[in-house]
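Novice: Sending over a structure as structure tokens; questions will come in a sec.
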Amino acid sequence: MVPARTESPAAARRGSPRPARPPVESREPRPERTWRETLAPYTQPHTGRALLGLATSVVPYLALSFATFFAIRVSDLLVLAVAIPTAAFLVRTFVVFHDCSHSSFLAARRANAWLGTVLGLLLYSPFLRWQHDHAVHHATSGDLGRRGVGDIRTLTVAEYSALPRRGRLGYRLVRSPLLMFGLGPIVAMMIGPRFVARGARPRMRRSVLATDVALAGLIGMLCWLIGWQDYLLVCALPALLAGSIGIWLFYVQHQFEEAYWENGENWSYVCAALRGSSYLKLPRPLQFCTGNIGFHHIHHLSARVPYYNLPRAHAENAIFHDVPTLSLRDGLRAVALKLWDEDRQRLVTFAQARAEARAAASSAGLA
């Protein structure tokens, strides 16, 4: 049995009626083990595809970074023009790093860890800490009772309404596009990963500290060789652009109108993957730059499928075609969604939440 098909954002805008949500028991498509067996043929890493992935991500990123240094001597506009594709290849490099954290990019687990640790220096991210936080994200995505690790903070309408005025203002600021996509990359890439969480295991603590020391040495050497101003243009500017793209991708892959959120015992891993992770259908060039991460429903169902096998897994299994599908335009519009409405079982904007509250108050007054 397939999951109840969610109404697409486009259909909602046309005003089509939303079908009644079925009971929890009927929304479990198949046992998790069965889905893993279905995807098992796609989980085998391929050395040739992996090397090609490195050649089309890390290599062009480093080459364009080198070219940016010479572009500085020509014009600022040329620097910006080169920074955009540099950021795109850094996003693609991040997808390789991301697959290494799932031990899916290469066949050997240790090889994934070593490669992920090296790539983490390009991404300002300690590998073991990111691997841990992302594993928590996979285990809790869509669970209202376990929010807050590896995702963007989301409140329900009731939780938001119960906040004092200062709290509501703070939530609005955190969810504003300016902070999410402007300051968000600085916090997520440059500041947050530099600190060790309380209670962290010694191995993770050593990983964070070692990454910080290595980055300090690497950045210090580059600033000494080319100057700190040129370093900011060559390395920091593309990193911030890539960070903004990455935050948007994380956002729309789980924050769309009829996403999946459940509480505790009603939460289902399979439903969270197939109904709470979008298929972001991007144009081919953008799909390439984002390393097929738009096939997020398959990735959350089985994180062991390497990014280069995701399109084939989607194409060869018709069951995956009946999942929430977002276009690029839908993904951009989803940024306006801020709160989870538990009564309507969908994400809503602040304006929609206010309108619903006024309608409820009016009905109560009439009653």
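Computed from the coordinates by the stated procedures, all read-outs in this text should not be read as laboratory data. A quick note: this is a predicted structure, and the numbers were derived from the prediction, not measured. Please note: Cβ atoms are built from the backbone with ideal geometry, for glycine as well, and neighbour counts cover all protein chains shown.
Novice: Taking Rh as the Kirkwood radius computed over C-alpha pairs, what is the Stokes-Einstein D of segment 141-223 at 25 °C in a medium of viscosity 0.890 mPa s, expressed in µm² per second? Don't jump to the answer; show the numbers that get you there.
Specialist: Details: Rh = 15.6 Å.
Using the Kirkwood radius from Cα pairs, D works out to 157 µm²/s.
Novice: I've got another one for you. When the Karplus curve 6.51 cos²θ - 1.76 cosθ + 1.60 is applied with θ = phi - 60°, which whole-Hz ³J(HN,Hα) does each residue of segment 283-290 get, with x for Gly and Pro?
Specialist: x, 3, x, 6, 4, 5, 5, 9
Novice: Quick one: pull the percentage of alpha-carbon pairs in the chain with a separation above 27 Å.
Specialist: Numbers: 34300 of 67161 pairs.
Beyond 27 Å sits 51 percent of the P(r) for the chain.
Novice: Mind telling me which of 199, 182, 291 comes out most flexible in a GNM of the chain, alpha-carbon contacts under 10 Å?
Specialist: Sorting by GNM fluctuation, first place goes to 199.
Novice: First measure r as the distance between the Cβ atoms of residue 212 and residue 166, then evaluate 1/(1 + (r/R0)^6) with R0 = 35 Å and state the FRET efficiency to the nearest 0.05.
Specialist: On the way: r = 33 Å, r/R0 = 0.95.
Between residue 212 and residue 166 the formula returns 0.55.
Novice: From the helices alone, meaning DSSP H stretches of at least four residues, give me the mean residue ellipticity at 222 nm for the chain, per-run term -39500 (n - 2.57), in deg cm²/dmol to the nearest 500.
Specialist: Working: 18 runs with 199 residues, N = 367.
Counting only the DSSP helices, I get -16500 deg cm²/dmol.
Novice: Also, quick follow-up: Around residue 326, which amide H atoms from residues at least 5 apart in sequence, or from another chain, sit under 5 Å from its own amide H, with H modelled in the peptide plane?
Specialist: Amide H neighbours of residue 326: 279, 280, 281.
Novice: How big is the equivalent ellipsoid of segment 259-343 along its three axes, where each semi-axis is √(5λ) from the Cα gyration tensor, reported in whole Å from largest to smallest?
Specialist: Values: eigenvalues 102, 63, 20 Å².
Those come to 23, 18, 10 Å.
Novice: So if I take the alpha carbon set of segment 114-164, get Rg, then get Rh from the Kirkwood formula, what is the Rg over Rh ratio?
Specialist: Working: Rg = 15.1 Å, Rh = 12.9 Å.
That ratio equals 1.18.
Novice: Under a 10 Å cutoff between Cα atoms, tell me which one of 224, 248, 267 has the largest fluctuation in the Gaussian network model of the chain.
Specialist: In this elastic network of the chain, the residue with the biggest mean-square fluctuation among 224, 248, 267 is 224.
Novice: After finding the eigenvalues of the alpha carbon gyration tensor for segment 221-367, what semi-axes result from the square roots of 5 times each, listed largest first in whole Å?
Specialist: Values: eigenvalues 249, 121, 34 Å².
Taking √(5λ) for each Cα gyration eigenvalue gives 35, 25, 13 Å.
Novice: Shifting gears a bit: Whose amide H sits under 5 Å from the amide H of residue 346, counting only residues 5 or more places off or on another chain, with H placed in the peptide plane?
Specialist: Placed amide hydrogens put 341 under 5 Å from residue 346.
Novice: For the chain, what is the relative contact order in percent, using Cα pairs closer than 8 Å and at least 6 residues apart in sequence? Could the numbers behind the result be given before it?
Specialist: Details: 477 pairs, mean separation 87.8, N = 367.
This gives 24 percent for the chain.
Novice: Ok, one more. Once all Cα-Cα distances of segment 88-217 are split into 10 Å bins that start at 0, what whole-number percent is in each one?
Specialist: Percent of Cα pairs in each bin: 11, 34, 35, 15, 4, 0.
Novice: From the phi angles alone, apply the Karplus equation (6.51, -1.76, 1.60; θ = phi - 60°) to segment 218-235 and give each ³J(HN,Hα) in whole Hz, x where the residue is Gly or Pro.
Specialist: Values per residue, Gly and Pro as x: 5, 5, x, 5, 5, 5, 5, 6, 10, x, 5, 5, 5, 4, 4, 6, 6, 10 Hz.
Novice: Follow-up question, since we're still on this one. Any idea what the dipole of segment 250-321 comes to, in debye rounded to 20, about its Cα centre with Lys/Arg Cβ at +1 and Asp/Glu Cβ at -1? Before the final figure, lay out the partial values.
Specialist: On the way: 5 positive and 5 negative charges, 79 e Å.
Its charge dipole is roughly 380 debye.
Novice: Tabulate in residue order the Karplus-calculated ³J(HN,Hα) for segment 101-111, using 6.51 cos²θ - 1.76 cosθ + 1.60 with θ = phi - 60°, rounded to whole Hz; enter x for Gly and Pro.
Specialist: For segment 101-111, the Karplus curve yields 5, 9, 6, 10, 6, 10, 5, 8, 4, 5, 5 Hz.
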